[in-house]
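Q: Just dropping this structure here.
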There are 2 protein chains.
Amino acid sequence: MKTLSVELGDRTYPIHIGTGLLDRAELFGNHIAGRQVLVVTNQVVAPLYLDRVLAQLSPYRVESVVIPDGEQHKSMESAMAVFGTLLECRYSRNATLIALGGGVIGDLTGFAAACYQRGVPFIQIPTTLLAQVDSSVGGKTAVNHPLGKNMIGAFHQPRCVLADTATLATLPDRELSAGLAEVIKYGLIRDPEFFLWLEASIDGLLARDPELLAWAIERSCVNKAQVVAADEKETGERAMLNLGHTFGHAIETGCGYGAYLHGEAVAIGMCQAADLSARLGWIDAVDVGRITALLERARLPVIPPPELSADRFVDLMAVDKKNVDGGLRLILLRGIGQATLPVVVETSPLRETLERYGRG
Amino acid sequence: MKTLSVELGDRTYPIHIGTGLLDRAELFGNHIAGRQVLVVTNQVVAPLYLDRVLAQLSPYRVESVVIPDGEQHKSMESAMAVFGTLLECRYSRNATLIALGGGVIGDLTGFAAACYQRGVPFIQIPTTLLAQVDSSVGGKTAVNHPLGKNMIGAFHQPRCVLADTATLATLPDRELSAGLAEVIKYGLIRDPEFFLWLEASIDGLLARDPELLAWAIERSCVNKAQVVAADEKETGERAMLNLGHTFGHAIETGCGYGAYLHGEAVAIGMCQAADLSARLGWIDAVDVGRITALLERARLPVIPPPELSADRFVDLMAVDKKNVDGGLRLILLRGIGQATLPVVVETSPLRETLERYGRG
């Protein structure tokens, strides 16, 4: 087991990465203060791992909530179901929530923990690659609104993250690829060596080589933990983690939550961000080609859905929360391994990027 | 105008108290960073004060949301209406929310501000006595759940509080009395001199003597600001502000939100807390008599609703968020002006208190 630390003063917490962590009761017990525990999971994960988690929690009163699978269930309705169970069980502000699942479950459970009785502790047990390398770390929690993704949320750090890499064995191929999109993102924004390593290792990662996966997760979490420690509330450099996300959120909202996996939408968005960066003269065509090629080799989509017109894209992107006071602000690239802070982008090159695909 | 300060490090903010503050544009402008403003108010307050507030906001893009009046609208549905308007208007994370109204509007707007895009700034303009002396100060925000009051919320401090005492001229008598319940609470929990002053001044306060009201508001806010500055997140002494509230929340939830005003339910709850404190031998019958008499002179109810049985009371109180891990913890009195920290109470004296009224 490898342990990293997210350094946030009195909210500092560990990320444990390794195989078989789900069976180690002491890792749970170290981070549960009261006697009441609620496990939130989904219908796909519950049959695979819920019993094993419950087996570690025998010293506690434990209840569970099982949400249907899919991004469309990262909703206020799901959060209200969690609140309802907590209240029916008379759980106090000393209760601990456990998120067992992917990014949807982690974001939803974290949001419920942030708001129940104005904040109770929670533990992240990410079971997808995407959640292990990104969403379980850093304390961003949210539910979606029909008009925009992650628009209702809170910063609420977990007490610990338990990333059991053995759970990736049951992950569908499509979700493995979606997770690799966020892994590749770290290389792109701030870790050019890691990008090179990914170019060399992508086939092994897709073949689920355990050592390669463990290393990719660790390196991703090191990057994420450093960025979060430097800028917890995203007033500065944390924004670079959103590379491709304003495009990606537009795709997710515009096509209906669930049509694209988050990582798939981000992969397309990173290609669009690279294309736009090249149009602004900040990176060259070779870089765009390398980025697109690596994402394609990771079996990710790199072309936006043809049903989203440039007009609709602009409309959807304007809602995204990275946009301050109406100006459209995007994270772009100055090179592979070097993201910008948010930059206000002129309409004209942006429209060229949006119109390049399909109808271009 | 009198200005107090809630000392919370980089979240320190002023409370301005005085007449005519609604017409002073500079008080708004000092605390609005972006160009987008959303005013949230209710159907009673809007016709009285919304235009005056909008007149101060001409430099900004301003939208407003008008919620129906009443505690039953301090709900997630109302919060979703606020989120919907913010998103339809494409408001960014640089938008400022303004709460114009009583405690329901302040708590609801504060919660929406806490969660919209993981937190945007907000300003409190309390227009009821209760909101001016209590709920607008200290950053507790929440909506109610059908199973429990204030169960979904966040700590989110406002950028400033503008308490225009002239708005109390339009306040219904019943709401004036409800506000006095929280004023009396400060005397009871930590300010015995203030309690004496209230005994001497209660008739003048009910007659809405402006100088007496202004002094009562200021002294209440000084007390609240000191408690909040010492214990923002209620890990210790802030809990004493909940005197009477666990009983009161049970009454509000048990009788349906809106049947009792919050201050009315708290008045009954403080009488119950005093009765229980006397049963434990901590205060004497004379103290209980003085407390009950002052609340009655303030035209507040002092006897719980007969339809709530002792069993139902215990059931409802067990849900209240001050209760940690199942034990029933209450704020009680060691004297007038001296509240306890939360104490675990035996069932037997508690039931005696609950059964004393109506069916006793």
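Q: For the stretch B:153-171, name all the residues that are within 29 Å of B:Arg208 (Cα to Cα) and assigned to a strand (DSSP E or B).
A: Listed by number, the residues that qualify are B:Cys160, B:Val161, B:Leu162, B:Ala163, B:Asp164.
Q: Restricting to the stretch A:260-296, give me the number of residues that are closer than 17 Å to A:Ala181 by Cα and touching a residue at least 40 places away in the same chain (Cβ under 8 Å).
A: Residues meeting the conditions: 17.
Quick grid of which residues meet (1) within 14 Å of chain B (Cβ to nearest Cβ); (2) over 30 Å from B:Gly84 (Cβ atoms):
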{"site": "A:Lys2", "(1), (2)": "no, yes"}
{"site": "A:Tyr13", "(1), (2)": "no, yes"}
{"site": "A:Ala25", "(1), (2)": "no, yes"}
{"site": "A:Gly34", "(1), (2)": "yes, yes"}
{"site": "A:Gln43", "(1), (2)": "no, no"}
{"site": "A:Leu48", "(1), (2)": "no, yes"}
{"site": "A:Pro59", "(1), (2)": "yes, yes"}
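Q: Filter the stretch B:111-152 down to the residues that are assigned to a helix (DSSP H, G or I), away from every other protein chain (no Cβ under 11 Å), open to solvent by less than 20 Å² (accessible area, probe 1.4 Å) and in contact (Cβ under 8 Å) with a residue 60 or more places away in the chain and list them by number.
A: B:Leu129, B:Gln132, B:Val133, B:Asp134
Q: Among the residues of the stretch B:195-209, is any part of a helix (DSSP H, G or I), open to solvent by 10 Å² or more (accessible area, probe 1.4 Å) and either under 20 Å from B:Gly102 (Cα atoms) or in the same structural domain as B:Thr127 (by TED's automatic domain parsing) (or both)?
A: yes
Q: Inspect all residues belonging to the stretch A:313-325 and state whether any of them is more than 14 Å from chain B (Cβ to nearest Cβ) and open to solvent by less than 40 Å² (accessible area, probe 1.4 Å).
A: yes
Q: Any residue in the stretch B:68-97 that's within 7 Å of chain A (Cβ to nearest Cβ) and among the basic types (Lys, Arg): show its pairings with residues that are open to solvent by 10 Å² or more (accessible area, probe 1.4 Å) and assigned to a helix (DSSP H, G or I) at Cβ separation under 8 Å, as long as the two are six or more apart or on different chains.
A: From residues that are within 7 Å of chain A (Cβ to nearest Cβ) and among the basic types (Lys, Arg), the pairs are B:Arg90/A:Ala318; B:Arg90/A:Val319.
Q: If you don't mind, there's one more thing I want to ask. Looking only at the stretch A:276-304, how many residues end up being surrounded by 16 or more Cβ atoms within 10 Å (Cβ to Cβ) and either farther than 25 Å from A:Ser201 by Cβ or not assigned by TED's automatic domain parsing to the domain that holds A:Val266 (or both)?
A: Matching residues across the stretch A:276-304 total 6.
Q: Can you tell me how many residues in the stretch B:246-275 are open to solvent by 10 Å² or more (accessible area, probe 1.4 Å) and in contact with a Pro (Cβ under 7 Å, 6 or more places away or on another chain)?
A: 2
Q: Scan the stretch B:103-124 for residues that are under 18 Å from the mean Cα position of the chain (by Cα) and under 14 Å from B:Val143 (Cα atoms) and report the count.
A: Going through the stretch B:103-124 one residue at a time, the tally reaches 12.
Q: I'd like to check something: does the stretch B:157-172 contain any residue that is without any contact (Cβ under 8 Å) to a residue 40 or more places away in the chain, open to solvent by 10 Å² or more (accessible area, probe 1.4 Å), out of contact with any strand residue (DSSP E or B) (no Cβ under 8 Å at 6 or more places or on another chain) and more than 11 Å from chain A (Cβ to nearest Cβ)? First the steps, then the outcome.
A: First, pick out the residues of the stretch B:157-172 that are without any contact (Cβ under 8 Å) to a residue 40 or more places away in the chain: B:169, B:172.
Those still in the list that are open to solvent by 10 Å² or more (accessible area, probe 1.4 Å) too: B:169, B:172.
Imposing the further condition that a residue be out of contact with any strand residue (DSSP E or B) (no Cβ under 8 Å at 6 or more places or on another chain) reduces the set to B:169, B:172.
Keeping just the survivors that are more than 11 Å from chain A (Cβ to nearest Cβ) gives B:169, B:172.
Yes: one or more hits.
Q: Somewhere in the stretch A:226-245, is a residue over 29 Å from A:Cys160 (Cβ atoms), among the aliphatic types (A, V, I, L, M) and crowded, with 24+ Cβ neighbours inside 10 Å?
A: So in the stretch A:226-245, the residues over 29 Å from A:Cys160 (Cβ atoms) come out as none.
Within the stretch A:226-245, none of the residues are over 29 Å from A:Cys160 (Cβ atoms), among the aliphatic types (A, V, I, L, M) and crowded, with 24+ Cβ neighbours inside 10 Å.
Q: Separate question: Which is assigned by TED's automatic domain parsing to the domain that holds B:Gly289, out of contact with any Ser or Thr (no Cβ under 8 Å at 6 or more places or on another chain) and not charged (D, E, K, R), of B:Leu212, B:Leu261? Reasoning before the result, please.
A: Values: B:Leu212 fails: out of contact with any Ser or Thr (no Cβ under 8 Å at 6 or more places or on another chain).
Answer to the check: B:Leu261.
The values are calculated or read from the model by the stated rules, or taken from the named source; none is laboratory data. All of these numbers come straight from a predicted model, not from anything done at the bench. We place every Cβ from the backbone using ideal geometry, glycine too, and count neighbours over all the protein chains shown. Calculation scope for accessible area: heavy atoms of the full protein, side chains included, ligands and nucleic acids excluded. Shrake-Rupley method; radii C 1.70, N 1.55, O 1.52, S 1.80 Å.
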